[in-house]
Amino acid sequence: MTSEPEQQIGVGTQDAFQRLWTPHRMAYIQGENKPTGPGADDGCPFCSIPAKSDEDGLVVRRGEHVYAVLNLYPYNGGHLMTVPYRHVADYTDLTVPETAELAELTKQAMTALRTASGAHGFNIGMNQGSVAGAGIAAHLHQHIVPRWGGDTNFMPVVGHTRVLPQLLADTRKMLAESWPTPA
């Protein structure tokens, strides 16, 4: 079924493209939830999240040294991050127990995402420093982004838009219920 392009006065030259507006992304672009400085007391969201309830903070799992949280501005549905409680910027500054738990929660996150959503693969990594792309460079965090065959289509590649099929609160609940019980 085809339709005539809708006239969009004031948005540029009519080009026959339909537009999917994502105004919620503007909050991130404009710096919402970003720290004002490098210290833990400079509004670091990763330092404030643990004080919230799991539901309000989008926390999926809490460990002794590290927690797993949904990304508020996800690259894909189910995009999680593992974050040390301690405000530390560099991976080499983690303690041995922090490093071990970061790795273990990452493995558990992969298992939960496979169980809950049938993820086919993952992009896992961290950006060290703002020049490397870290949005919040002062507090280390590792991304766990689930991937599915065919999920890279015209929306993110051409449209620079992500289509997320589920509300973050519903994704958090689903993953928390699918999280594996440690042996």
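The values are calculated or read from the model by the stated rules, or taken from the named source; none is laboratory data. This is a predicted model, so every value here is computed, not measured. Cβ: placed from backbone, ideal geometry, glycine included. Neighbour counts: every protein chain shown. Protein only, heavy atoms only, side chains kept; ligands, DNA and RNA dropped before computing areas. Shrake-Rupley method; radii C 1.70, N 1.55, O 1.52, S 1.80 Å.
Here 91, 67 are screened, and the one residue that is touching a Lys or Arg at 6+ places or on another chain (Cβ under 9 Å) and not hydrophobic (A, V, I, L, M, F, W, C) is 67. Taking the criterion of being open to solvent by 50 Å² or more (accessible area, probe 1.4 Å), out of contact with any strand residue (DSSP E or B) (no Cβ under 7 Å at 6 or more places or on another chain) and of a type outside the set (Gly, Ala, Ser), the residues of segment 103-147 that qualify are 104, 107, 111, 114, 115, 127, 128, 131. Residues that are outside any loop (DSSP other than H, G, I, E, B), touching a His at 6+ places or on another chain (Cβ under 7 Å), of a type outside the set (D, E, K, R) and at pLDDT 85 or above occur in segment 89-106; there is at least one. So which residues in segment 30-52 are at pLDDT 95 or above, of a type in the set (A, V, I, L, M) and surrounded by 13 or more Cβ atoms within 10 Å (Cβ to Cβ), if there are any at all? Selection gives 49 alone. Scanning segment 79-89 for residues that are open to solvent by less than 60 Å² (accessible area, probe 1.4 Å) and not hydrophobic (A, V, I, L, M, F, W, C) yields 79, 82, 84, 87.
Residues of segment 54-73 that are open to solvent by less than 50 Å² (accessible area, probe 1.4 Å) and closer than 16 Å to residue 170 by Cβ: 57, 58, 59, 60, 69, 70, 71. The listed residues are 63, 78, and the only one of them that is modelled with pLDDT of 95 or more and either under 11 Å from the mean Cα position of the chain (by Cα) or of a type in the set (Gly, Ala, Ser) (or both) turns out to be 63.
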